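Throughout, read-outs are computed from the coordinates displayed, never taken from laboratory work. Since we're looking at a predicted model, the values are computed, not measured. As a convention, Cβ positions derive from the backbone with ideal geometry for all residues, glycine included, and neighbour counts pool all protein chains shown.
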Amino acid sequence: MITAEQKPLEEIIAYIEPYDRIFLVGCNECVTVCAAGGRKEVGLLASALRLNSMKQGKTIEIKEITLERQCDPEYVEELASDINRTDAVLSMACGCGVQTLAGRYKEMPIFPAVNTLFMGASESQGIWAERCRGCGDCLLGITGGICPVARCSKSLFNGPCGGTCSGKCEISPEVDCAWCLIWERLKALGMEKRYEELMEAKDWRPSGGGGPRKIVRKDLVL
Amino acid sequence: MKTESKLERILASGNLAVTSECGPPRGARPEKVREKAALLKDHVDAVNVTDNQTAMVRMSSWAAGVIIKQMGMDPILQMVTRDRNRLAMQSDIIGAYSLGINTMLCLSGDHPKFGDHATAKSVYDLDSVQLVRMVQKMRDEGKFQGGADIDCPPKMFVGAASNPFAEPFDLRVSRLAKKIKAGADFVQTQCIFNLDKFEKFMEMVCDRGLNEKVYLLAGITPMKSAGMAKYMKNKVPGMDVPDEVIKRLEGVSKAEQPEEGIKIAVESIQRLKEVKGVHGFHIMAIEWEEKVPQIVEKAGLFPRPAVENL
């Protein structure tokens with residue numbers, strides 16, 4: 001899923017400072033799972049913003065809405081009937097959701113309340129870690145199911161650099177060396193010979209090097 | 001001969017080669033390069049010129065290399081894949097070669113986190129193995145990485161680094177094999193303090209016949225003090241400093257520790273000279289270049305062979 005973290009409250013307050021009426025819009029997908037912008041976080045942020053405006057001696061009207069999926073025009077349409085009753089929209093979705101709102105409601109100021117981080121998986125309760133860079137040409141089949149693009153600090157394709165230490169990355173003892181993991185896994189699978197096959201220079205076009213990416217599924221297009 | 005590299009000629013002649021390194025200055029003072037290089041002039045065959053080492057901005061390695069070349073010495077252009085994509089690296093390789101640089105060392109480079117531009121985006125369009133492959137292809141096939149022909153291809157003698165001590169140990173020989181497969185002509189190793197482990201590594205290298213396919217220069221660093229040895233053991237990633245080395249340095253007075261450090265370096269060279277597959281030494285005297293001549297002399301590696309006599 002796409003992970004995100006709430007922005008510092010001061011930054012959010014600065015965005016909405018000029019406005020009296022705010023739609024605070026969450027999303028029921030990824031940001032709900034990573035506890036950054038779901039219904040619960042919408043409620044908490046709304047309370048914090050109301051409290052802040054009271055302290056400033058102002059009144060702010062915040063309407064809390066959590067859409068099923070903010071990156072989907074169908075659900076974003078649900079705001080259309082009420083959009084004239086607000087001065088600005090504060091989105092708690094990932095950057096995809098924020099842009100879908102901005103694309104649909106062109107006259108309306110839209111601000112992000114979270115920083116979108118990475119495509120990750122949950123390691124344990126409350127911990128998410130990066131697992132995929134969306135490079136468009138998945139290597140996991142030959143790297144033992146561990147991604148060197150996302151998990152090696154240098155995105156090396158042909159093995160660990162000289163900085164590995166006890167299975168950890170040179171940048172931090174908290175970070176596993178992806179290539180140590182790959183090597184151990186290849187050995188466990190009896191596939192360590194595969195390591196010596198050269199991985200040629202990557203074609204970065206599917207990774208974004210060819211410009212903004214788009215999928216067009218002719219079989220689905222109406 | 002694949003190239004006009006002096007290092008290649010010395011290695012091919014069967015002599016033990018000696019290289020050292022010179023870190024370019026943090027500013028535009030060519031005399032700083034000349035001062036450091038002059039200390040090494042008669043005692044080494046070629047000088048590695050580091051490329052933004054420890055992720056700190058320095059004079060570019062090709063520019064400092066040209067200054068060294070103008071002194072009648074032979075620079076080894078170090079190139080890291082951290083700072084440049086394949087277009088920039090290829091243009092620098094052609095540029096360096098057109099100015100007389102014919103030997104290079106391909107590295108991935110320290111992570112920007114360690115430098116003074118920690119907010120920089122690292123590039124890593126290629127890794128070090130892919131860089132080796134690209135330079136070899138430019139030389140042997142006369143092709144750019146993208147496939148087009150090069151008008152007058154750069155003929156670089158291609159080097160790579162090997163760290164026999166970084167874990168996992170059982171991967172290290174495979175990694176060397178991969179660099180050789182990609183096209184490495186020579187390899188310079190990480191600083192060797194754990195000689196037993198290095199000899200074990202070299203046995204594995206020779207068992208696979210890799211010693212016949214690549215020239216290996218053993219990395220030697222003299223310790224200035226017991227403090228430096230402890231720092232390298234505990235703080236420098238991928239470094240293996242046995243406790244005996246630290247104890248030996250601590251066993252003499254502080255004033256005598258530099259001398260003891262040099263003794264250890266010289267003894268290491270003498271022992272490693274006998275190791276099958278070792279074709280020379282890469283002496284990395286960190287901010288202590290002035291000691292390189294006496295290490296080379298005491299280790300019996302002086303005078304250096306004159307290339308015209310080879």
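What is the log10 of I(q)/I(0) for chain B, computed with the Debye formula using one identical point scatterer on each Cα and no solvent, at q = 0.07, 0.08, 0.11 Å⁻¹?
-0.25, -0.33, -0.65
Starting from 0 in steps of 10 Å, tell me what percent of the Cα-Cα pairs of region A:1-145 lands in each bin.
11, 40, 30, 13, 4, 1, 0
Determine the sum of side-chain charges near B:ARG175: Lys and Arg each +1, Asp and Glu each -1, restricted to other residues whose C-beta is under 15 angstrom from that of B:ARG175.
With Lys, Arg at +1 and Asp, Glu at -1, the neighbours total +4.
When the helices in chain B are scored as -39500 (n - 2.57) per DSSP H run of 4 or longer and the sum is shared across all residues, what 222 nm value do you end up with, to the nearest 500 deg cm²/dmol?
Rounded to the nearest 500, it is -12000 deg cm²/dmol.
Measure nothing but the geometry: give the 0 to 90° angle between the long axis through the Cα atoms of A:39-55 and the longest principal axis through the Cα atoms of chain A, rounded to 10°.
Taking Cα atoms only, the helix is inclined about 50 degrees.
Hand me the GluC sites (Glu not before Pro) from region A:132-212 located in a DSSP loop with no more than 12 other Cβ atoms within 10 Å, in residue order please.
A:GLU197
Could you work out how far helix A:178-188 tilts from the main Cα principal axis of chain A, as a 0 to 90 degree angle to the nearest 10?
Once rounded, the angle reads 50 degrees.
Using only atoms on other chains, find how many Cβ atoms lie within 10 Å of each Cβ of peptide B:103-111 and report the average.
3
Hey, any idea what Rg/Rh is for region A:139-222, computing Rh the Kirkwood way over Cα pairs?
Ratio value, two decimals: 1.10.
Around B:LYS224, with a cut-off of 13 angstrom between Cβ atoms, what is the net charge of the other residues, counting Lys and Arg +1 and Asp and Glu -1?
After counting each charged neighbour, the total is -2.
Averaged over A:161-173, how many beta carbons belonging to a partner chain fall within 10 Å of each residue's beta carbon?
Partner-chain Cβ atoms within 10 Å, mean over residues of A:161-173: 6.
Taking every pair of alpha-carbon atoms in the protein assembly as shown, what share in percent sits in each 10 Å bin, from 0 to the bin with the longest distance?
Values per bin, smallest distances first: 3, 16, 23, 21, 14, 11, 8, 3, 0, 0.
Give the angle, between 0 and 90 degrees and rounded to the nearest 10, that separates the Cα long axis of helix B:195-207 from the longest principal axis of the Cα atoms of chain B.
40 degrees
When the distances between all Cα atoms of region B:120-198 are binned every 5 Å from zero, what whole-number percent does each bin get?
Taking all Cα pairs of region B:120-198, the binned fractions are 3, 15, 20, 19, 17, 12, 8, 4, 2, 0 percent.
Report the percentage of all Cα-Cα pairs in region A:110-168 whose separation exceeds 18 Å, rounded to a whole percent.
That fraction is 48 percent.
Kirkwood hydrodynamic radius for region B:178-310: how many Å is it when counted over pairs of different Cα atoms?
15.8 Å
Enumerate by residue number the trypsin sites (Lys or Arg not before Pro) in region A:131-162 meeting two conditions: DSSP loop (anything except H, G, I, E, B), and at most 16 other Cβ atoms within 10 Å of the site's Cβ.
Answer by residue number: A:ARG133.
Which trypsin sites (Lys or Arg not before Pro) in region B:1-38 pass both tests, a DSSP loop state and at most 12 other beta-carbon atoms within 10 Å?
Of the trypsin sites (Lys or Arg not before Pro), the ones in loops of region B:1-38 whose Cβ has at most 12 other Cβ atoms within 10 Å are B:ARG26.
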